[in-house]
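This report concerns only the one structure given below.
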Amino acid sequence: MKETASSFLAKSTVKVADLDHREKVNFNIKRYNDTVPFGKEQFADVNLARERAKNIKWRTLESLDQYLEAFEVNFSAKGGKVIWAETAEEALKHIHRICEEKNCKTVVKSKSMVTEEIHLNKFFEKHNIESVETDLGEYIQQLAGEPPYHIVTPAMHKSKEDVAQLFHEKLNTKANLTPEQLTLVAREKLRDKYVQAEIGITGANFIIADTGSIAITENEGNARLSASFPKTHIAITGIEKVIPSFTDLGLFWPLLATYGTGQTITVYNTVISGPRQAGETDGPDEMYVILLDNGRTNILENEKQRESLYCIRCGACLNACPVYKNIGGHAYSTTYSGPIGAVITPNMHNIKEWKHLSYASSLCGNCTEVCAVKINLHELLLENRSEAVEKGATGIQEKIAWKVWKKASLNRKMMNKGNRSIKNWVADKVIGGWSKHRAPLDFPKKTFNEMWLEKKG
Ligand code: SF4
């Protein structure tokens with residue numbers, strides 16, 4: 001078994017037994033579930049809105065090269081610089097070069113899963129550049145030395161008491177501060193950093209082809225500050241985030257807000273179309289957009305899996321997934337967890353290393369049911385499993401187990417041999433400890449032949 005798979009099993013086994021963890025996660029997901037229906041009320045027909053969004057993403061992904069080039073032309077026309085990065089290493093190399101040019105000592109960062117994907121904070125640490133997370137949830141996770149737990153709510157697994165204790169330990173505050181007081185502490189610490197930082201780094205929720213802009217959606221205003229205070233702004237984003245037109249935001253913004261947090265619209269929605277222009281008072285002198293591939297084109301070339309690139313990272317599938325709710329975000333050890341993480345990670349990176357995630361599903365289909373852009377997530381999980389077999393990514397033990405199983409179940413004489421407990425034992429061993437993580441196997445007392453004969457009288 002690969003180390004990634006055994007670590008996943010070990011972490012999951014610990015987490016499912018952690019009732020405190022379950023209570024906190026369920027509390028936060030319940031609050032989300034209570035709010036989403038109100039967000040949906042804004043749509044005359046929410047299913048039609050989801051269908052339209054899916055169609056727009058389909059159209060865009062089918063001509064991705066053209067839309068990305070249109071973005072580059074339009075963004076560059078306003079003085080923005082586009083960098084194409086095929087891998088995480090390439091993206092980091094470019095960021096490092098810009099940091100050196102700007103003699104950068106401090107960067108402020110707003111929440112971005114793509115920066116998690118390229119391990120940007122670790123990279124900055126290695127190069128002695130201070131990197132400050134400015135989103136409150138991310139700030140909490142940075143203080144705790146943990147990666148985000150969820151793609152929308154990074155500190156979802158922490159209660160307000162946990163956060164107060166963390167601030168007490170790391171920032172020497174009183175041990176029992178309220179959420180409002182904790183927010184004020186974070187705000188005070190962060191304000192100076194916006195002014196100090198030479199570079200601001202953000203992600204982008206959408207790349208807009210026809211205006212050459214990026215759209216950022218957030219609730220705290222920290223992304224806007226990170227993008228406008230420092231003299232240089234770097235936005236780093238996956239190539240799949242492109243939408244054809246500015247007017248598409250009229251559909252995608254409310255959809256993302258509703259499925260992400262249950263809001264009708266997120267508090268701060270910012271469209272940035274390049275560095276500060278002549279006559280403007282706010283904004284950076286220079287702006288870069290890094291368009292990151294990092295395995296996305298592997299998905300693009302696979303006609304069946306391509307649909308997973310429609311994802312707008314709303315996080316709804318995580319909140320709906322019975323597996324995620326029990327094992328939590330960190331057990332996956334991937335940037336993207338939950339159903340969408342289980343679908344894209346093996347295809348973006350290495351199917352041999354990550355195929356086990358495709359089995360971390362009850363296939364209940366709840367993820368597909370709630371997806372903001374109607375991605376057939378549970379079917380893609382099945383597709384992953386099938387591709388893993390086709391690509392020979394399954395282990396020798398599994399191959400032998402299924403061969404033996406097939407031979408035995410096609411052979412009536414063999415199936416008639418042995419009693420129930422022998423069959424239970426053999427099947428459990430052949431399938432490599434089936435009952436270790438599942439309910440026990442239980443063959444019927446009588447064989448099919450015996451029951452058939454009895455029925456015929
Ligand atoms: S797959 Fe769908 S539900 Fe899951 S994060 Fe992406 S858009 Fe949201």
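The values are calculated or read from the model by the stated rules, or taken from the named source; none is laboratory data. Because the structure is predicted, anything quoted here is derived from the model rather than measured. Here the Cβ positions follow ideal geometry from the backbone for every residue, glycine too, while neighbour counts run over all protein chains shown. When the accessible area is computed, the model is the full protein with side chains, heavy atoms only, and any ligands, DNA or RNA have been set aside. Shrake-Rupley method; radii C 1.70, N 1.55, O 1.52, S 1.80 Å.
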Practice problem: Take the range 292-314 and flag every residue that is within 8 Å of the ligand (Cβ to nearest atom) and in a helix (DSSP H, G or I). | Solution: 308, 310
Practice problem: Scan the range 246-258 and give yes if some residue there is open to solvent by 10 Å² or more (accessible area, probe 1.4 Å) and not in a helix (DSSP H, G or I), otherwise no. | Solution: no
Exercise. Would you please list the contacts, defined by Cβ atoms under 6 Å and residues six or more apart or on different chains, that run from a residue in the range 329-343 that is under 16 Å from residue 380 (Cβ atoms) to a residue that is within 10 Å of the ligand (Cβ to nearest atom) and in a loop (DSSP other than H, G, I, E, B)?
Key: 338/321; 339/321; 340/311
Quiz item: Right, residue 344: among the aliphatic types (A, V, I, L, M) and within 26 Å of residue 22 (Cα to Cα) or not?
Solution: yes
Exercise. Looking for whichever is near the ligand (Cβ under 9 Å from one of its atoms), touching a helix residue (DSSP H, G or I) at 6+ places or on another chain (Cβ under 8 Å) and either part of a loop (DSSP other than H, G, I, E, B) or under 23 Å from residue 8 (Cα atoms) (or both) here; the options are 317, 364. Which one fits?
Key: 317
Quiz item: How about the range 323-359: which of its residues are more than 20 Å from residue 87 (Cα to Cα) and either more than 15 Å from the ligand (Cβ to nearest atom) or of a type in the set (Lys, Arg) (or both)?
Solution: 325, 326, 327, 328, 330, 331, 355, 356, 359
Exercise. Kindly indicate the residue of the range 353-399 that is more than 21 Å from the chain's Cα centre (by Cα) and among the hydroxyl-bearing types (Ser, Thr, Tyr) and also surrounded by the most Cβ atoms within 10 Å (Cβ to Cβ) among those meeting that condition.
Key: 394
Quiz item: What tally of residues in the range 377-421 results from selecting those that are farther than 19 Å from residue 1 by Cα and among the charged types (D, E, K, R)?
Solution: 8
Quiz item: Would you pick out the residues in the range 196-216 that are of a type in the set (Asp, Glu) and farther than 18 Å from residue 59 by Cβ?
Solution: 198
Quiz item: Does residue 279 fit the bill of being free of Cβ contacts under 8 Å to residues at least 40 places away in the same chain, of a type outside the set (Phe, Trp, Tyr) and surrounded by fewer than 17 Cβ atoms within 10 Å (Cβ to Cβ)?
Solution: yes
